[in-house]
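Here the structure comes first, spelled out in structure tokens, and everything after it is commentary.
The values are calculated or read from the model by the stated rules, or taken from the named source; none is laboratory data. Predicted model, so just to flag it, every value in this text is computed and none were measured. Cβ placement follows ideal geometry from the backbone for every residue including glycine, while neighbour counts extend to all protein chains displayed.
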Amino acid sequence: MKSGSPPTQAEFHEAISARADRWFGACLRITHSRELAEDAVQDALLSAWQKRDQFQHGARLDTWIHRIAVNAALQLLRKRRPGVFESLDFDIEDEDSVPDAERHTEELGADLAQALTKLSDIERVCFVLKHLEEWRLKEIAEEIDSSVGTVKQALFRGVRKLRGSMPTLRSVTT
């Protein structure tokens, strides 16, 4: 990427090819809705393209778009009535074609997705941003317009609920 110039269309296409699944996954974990996650990624890509002149060249393009996608997912959640989420419907592969380690990872992911449905919106958003997206507490607090203490409380409650509803997590963390 040339210093000082906005990202090109080719650079955007390259970032999309490499990272679109990751952006969608983050948005899906936040919104808990395929449709909202798809909308968030689409909104993020449109916004990133329209604001490409604001891209800081010290950053990575895919990371910048990832952050915009997470913010778009949070914005969609704010607009939607609290507590109303559609169930996650994943395609299930033939069990014989999936190696044991991969199957275990998929089962853990499915267990986590199910357990996240038991969290409140703030608990789920804080958990996803902290533990899956690796945001700092201060960043989360700023994004959800709250205090660091509120974020810590939501994380504590969320992790406690997850430990209670995920047997595999209980055995790992105790």
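Could you please give the count of residues in segment 109-128 that are part of a loop (DSSP other than H, G, I, E, B) and either surrounded by 18 or more Cβ atoms within 10 Å (Cβ to Cβ) or acidic (Asp, Glu) (or both)?
Of the residues in segment 109-128, the ones part of a loop (DSSP other than H, G, I, E, B) are 117-120.
From what's left, either surrounded by 18 or more Cβ atoms within 10 Å (Cβ to Cβ) or acidic (Asp, Glu) (or both): 119.
Adding up the residues that qualify gives 1.
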**OP:** Report, by residue number, each residue of segment 55-76 that is under 14 Å from residue 135 (Cα atoms) and among the β-branched types (Val, Ile, Thr).
**Re:** 63, 68, 70
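If we scan segment 40-53, do we find a residue that is modelled with pLDDT of 85 or more, over 14 Å from the mean Cα position of the chain (by Cα) and assigned to a loop (DSSP other than H, G, I, E, B)?
Initial filter on segment 40-53 (modelled with pLDDT of 85 or more): 40-53.
Then drop every residue that is not over 14 Å from the mean Cα position of the chain (by Cα), which leaves 42-43, 45-53.
Keeping just the survivors that are assigned to a loop (DSSP other than H, G, I, E, B) gives 51.
Yes - at least one qualifying residue is present in segment 40-53.
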Original post:
Can you name the residue in segment 129-143 that is outside any helix (DSSP H, G or I) and under 14 Å from the mean Cα position of the chain (by Cα) and is also farthest from residue 112 (Cα to Cα) among such residues?
Top reply: 135
Original post:
Right, residue 73: touching a Cys at 6+ places or on another chain (Cβ under 6 Å) and in contact (Cβ under 8 Å) with a residue 12 or more places away in the chain or not?
Top reply: yes
